[in-house]
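FYI, it's all coordinate maths here, none of it is from the lab. Keep in mind the model is a prediction, meaning the values are calculated, not measured. Virtual Cβ from ideal backbone geometry, glycine too; neighbours counted across all protein chains shown.
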Amino acid sequence: MEIKRLEANYSYDYRLDVINIEVKEDYKYELSIDLEAGVYLHFDENYFPVGLEIIDASKKMAIEKDFLLSPNGKVEVTINDDSINVNVIFENNNEKGLLHLNTFSEPYIPSLKTDFALV
């Protein structure tokens, strides 16, 4: 399976503890899937993942909020016939924040593998 690599914009609302990661390419939004409470994967009209939103991010990733202000990292998304796997991997000054989610795939979402590099 070919991996599509995309650059993504990263923003973090410190007060609300919400991360938003969105690809830089233009797209037409189609739908969002709730991977778990407070974690949403957004798709374009071709059912390609284009964004990720994480509410209560510091709690879900078990790291300090200050860490999330400017991490380096990426989001890996793998979609198979029966599952969607999302890995969030952040690094900052020798610290790591990780989040792994696995949920059932929707039948209309095609199989793929991609990652978003934070910019």
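Could you pull out every residue, at least 5 positions away or on a different chain, whose amide H is within less than 5 Å of the one on residue 105? Hs are placed 1.01 Å off N in the peptide plane, and Pro or chain starts have none.
Excluding prolines and chain starts, which carry no amide H, the hits are 83, 84.
Among the DSSP beta bridges whose two residues both lie in the chain, what percent are antiparallel, rounded to the nearest 5?
Antiparallel bridges: around 90 percent, rounded to the nearest 5.
Want the number for residue 34 to residue 9: 0.36 nm per residue separation, take away the alpha-carbon distance, what's left?
Roughly 6.9 nm would be gained on extension.
In a shell of Cβ-Cβ distance under 11 Å around residue 60, excluding residue 60 itself, what net charge do Lys and Arg (+1) and Asp and Glu (-1) give?
Counting the neighbours of residue 60, the net charge comes to -2.
Defining a contact as two alpha carbons under 8 Å apart and six or more residues distant in sequence, what relative contact order in percent does the range 3-118 show?
27
Quick one: 4, 60, fewest Cβ neighbours within 10 Å first, how do they rank?
Taking fewest neighbouring Cβ atoms as first place, the list is 4, 60.
Which ordering of 67, 90 is given by a fewest-first count of other beta-carbon atoms within 10 Å?
67, 90
Go through 61, 31, 107 and say which Cα lies farthest out towards the positive end of the charge dipole of the chain; charges sit on Cβ, +1 for Lys and Arg, -1 for Asp and Glu.
Highest projection toward the positive end goes to 61.
For 12, 27, which order do you get if you count the other beta carbons within 10 Å of each Cβ and list the fewest first?
With the sparsest Cβ surroundings first, the list reads 27, 12.
In deg cm²/dmol and to the nearest 500, what is the mean residue ellipticity at 222 nm of the chain if only DSSP H runs of at least 4 residues count, each as -39500 (n - 2.57), divided by the residue total?
-1000 deg cm²/dmol
So if I place +1 on the C-beta of Lys and Arg and -1 on the C-beta of Asp and Glu, and nothing else carries charge, what would the dipole magnitude of the chain be about its Cα centre? I want it in debye, nearest 20.
The dipole of the chain has a size of about 300 debye.
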